[in-house]
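To start, the structure itself, in structure tokens.
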Amino acid sequence: MKKLLLLPMLLLAGHALAQRDSATLVEISPLKGHSYLYVTYGKPDDKTWYPANSLFVRTPAGIVLLDTPWDDEQADTLVNQLEARFHEKVVACISTHWHADRVGGIKALAARGIPTYASAQTVALCAANGKAAPAHAFSKDTTFRFGGTRIQTFYPGPGHTTDNIVVWLPEDQVLFAGCFLKSGLATSIGYTGDADLQAWPASIRKTEAKFPSARIIVPGHESLEGNPYERTLELIGKAGKENEKKKE
Ligand SMILES: [Zn+2]
């Protein structure tokens, strides 16, 4: 984790920019090997801009997105930027749960003919919540191969949502945890309206045990610094206590 000290600075610089043009701002930083981080901004509370971390992987078969940006306009901006910068096509997108920061740009990708994927649970939850759903569903943990580059999905159990998955990039030893893990520097558990606070800790331990060699762990939002496993467990504990108080 120590090697990543530069990234939060980049993200902070992005934050200043975000005041000006958040709606279409896409920030890109290389992570490791073929894996890149991209950050886009949404307004989940309708008031303040909030950054979301997503990834893309440059494979011999083209660029694969892990999650869409928050909306269709951003998804178009992202694809245009990537194709112009790398002279490679975006060939697929795999979404990690059904919230807007993961599937909000599905329609734009579909309109471009880009195949979109998610677990059967995620596709069903998109449909149940009136959202455009990824076109292709997988019903168990799946290893995608794009020109030989492996992209592996893993369902850890319920957590931030009941359908959240993480994505492992074995060549680069990068774990994209999405909203299943909070930043190691996060101060709040965030939105828990769809979370399973009871099951979440066991799901976290399972993931930690499954990917002991992860060199970089990318949480769904904010800094890549700190220990996202321990921080998320602490914040779940706090949220649980607050819920207890409310019940009394
Ligand atoms: Zn999120």
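Can you tell me which residues in segment 188-203 are assigned to a loop (DSSP other than H, G, I, E, B) and either of a type in the set (A, V, I, L, M, F, W, C) or without any contact (Cβ under 8 Å) to a residue 24 or more places away in the chain (or both)? Full working, then the answer.
As a first pass, look at segment 188-203 and keep what is assigned to a loop (DSSP other than H, G, I, E, B): 188-199.
Of everything in segment 188-203, those that are assigned to a loop (DSSP other than H, G, I, E, B) and either of a type in the set (A, V, I, L, M, F, W, C) or without any contact (Cβ under 8 Å) to a residue 24 or more places away in the chain (or both) turn out to be I189, G193, A195, L197, Q198, A199.
Which residue, of K238, K182, K210, is within 19 Å of S54 (Cβ to Cβ) and charged (D, E, K, R)?
Every option except K182 fails the conditions.
Every residue, every condition in (1) over 16 Å from the mean Cα position of the chain (by Cα); (2) within 12 Å of the ligand (Cβ to nearest atom); (3) crowded, with 19+ Cβ neighbours inside 10 Å; (4) within 14 Å of H160 (Cβ to Cβ), yes or no:
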residue	(1), (2), (3), (4)
V174	no, no, yes, no
L181	no, yes, yes, yes
Y191	no, yes, no, yes
R205	yes, no, no, no
N227	yes, no, no, no
R231	yes, no, yes, yes
K238	yes, no, no, no
E242	yes, no, no, no
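Of the residues that sit in segment 51-81 and are hydroxyl-bearing (S, T, Y) and more than 16 Å from the ligand (Cβ to nearest atom), which one is nearest to S22 (Cα to Cα)?
Here the answer is T77.
Please name all residue pairs, on different chains or six or more residues apart, with Cβ atoms under 9 Å, provided the first residue is in segment 22-50 and is within 16 Å of the ligand (Cβ to nearest atom) and of a type in the set (A, V, I, L, M, F, W, C) and the second residue is at pLDDT below 95 and part of a loop (DSSP other than H, G, I, E, B).
Listed by first residue and then by second, the contacts come to V39/L25; W49/L25; W49/K43.
Any residue that is farther than 26 Å from A199 by Cβ and either over 17 Å from the mean Cα position of the chain (by Cα) or within 16 Å of the ligand (Cβ to nearest atom) (or both) - is there at least one of those in segment 157-167?
Here is the first cut: in segment 157-167, the residues farther than 26 Å from A199 by Cβ are none.
Within segment 157-167, none of the residues are farther than 26 Å from A199 by Cβ and either over 17 Å from the mean Cα position of the chain (by Cα) or within 16 Å of the ligand (Cβ to nearest atom) (or both).
Given the residues R145, R102, which is the only one that is assigned to a strand (DSSP E or B), among the basic types (K, R), in contact with a strand residue (DSSP E or B) (Cβ under 9 Å, 6 or more places away or on another chain) and closer than 30 Å to A202 by Cα?
Answer to the check: R145.
Test of understanding: among R102, R85, R112, which residue is closer than 22 Å to A214 by Cβ and charged (D, E, K, R)?
On the way: R85 fails: closer than 22 Å to A214 by Cβ; R112 fails: closer than 22 Å to A214 by Cβ.
Sole residue among the options that is closer than 22 Å to A214 by Cβ and charged (D, E, K, R): R102.
Within segment 82-109, which residues are away from the ligand (no atom under 16 Å from the Cβ), under 19 Å from the mean Cα position of the chain (by Cα) and surrounded by fewer than 24 Cβ atoms within 10 Å (Cβ to Cβ)?
Within segment 82-109, L82, V90, V91, A92, K107, A108 meet the criteria.
Based on what the data block shows, is A132 in a helix (DSSP H, G or I) and either of a type in the set (K, R) or surrounded by fewer than 24 Cβ atoms within 10 Å (Cβ to Cβ) (or both)? Can you show your working first?
Values: in a helix (DSSP H, G or I): no; either of a type in the set (K, R) or surrounded by fewer than 24 Cβ atoms within 10 Å (Cβ to Cβ) (or both): yes.
When the stated conditions are applied, A132 does not pass them.
Regarding segment 124-142, can at least one residue be identified that is away from the ligand (no atom under 16 Å from the Cβ) and under 26 Å from L224 (Cα atoms)?
Going through segment 124-142, the residues away from the ligand (no atom under 16 Å from the Cβ) turn out to be 124, 127-128, 130, 132-142.
Among the residues that remain, those that are also under 26 Å from L224 (Cα atoms) are: 141-142.
Yes, some residue in segment 124-142 is away from the ligand (no atom under 16 Å from the Cβ) and under 26 Å from L224 (Cα atoms).
Conditions tested, residue by residue: (1) buried (at least 22 other Cβ atoms within 10 Å of the Cβ); (2) over 24 Å from Y117 (Cβ atoms); (3) in contact with a Lys or Arg (Cβ under 9 Å, 6 or more places away or on another chain).
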site: L25; (1), (2), (3): no, yes, no
site: T40; (1), (2), (3): yes, no, no
site: P44; (1), (2), (3): no, no, no
site: Y50; (1), (2), (3): no, yes, yes
site: N53; (1), (2), (3): yes, no, no
site: D67; (1), (2), (3): yes, no, yes
site: E73; (1), (2), (3): no, no, no
site: T77; (1), (2), (3): no, no, no
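Could you identify the single residue in E208, E171, E225 that is part of a helix (DSSP H, G or I) and at negative phi?
Working: E171 fails: part of a helix (DSSP H, G or I); E225 fails: part of a helix (DSSP H, G or I).
Sole residue among the options that is part of a helix (DSSP H, G or I) and at negative phi: E208.
I'm trying to understand the selection: among the residues of segment 45-88, which are of a type in the set (V, I, T) and not in a helix (DSSP H, G or I)? Let's see the steps before the verdict.
Going residue by residue through segment 45-88, those that are of a type in the set (V, I, T) are 48, 57, 59, 63-64, 68, 77, 79.
Listed by number, the residues that qualify are T48, V57, T59, I63, V64, T68.
Please specify each residue of segment 156-172 satisfying the condition of being surrounded by fewer than 19 Cβ atoms within 10 Å (Cβ to Cβ) and without any contact (Cβ under 8 Å) to a residue 60 or more places away in the chain.
Hits for segment 156-172 are G157, T162, P170.
The values are calculated or read from the model by the stated rules, or taken from the named source; none is laboratory data. Bear in mind the structure is a predicted one, so any value in this text is a computation, not a measurement. Positions of Cβ are generated from backbone atoms using ideal geometry, with glycine treated the same way; all protein chains shown enter the neighbour counts.
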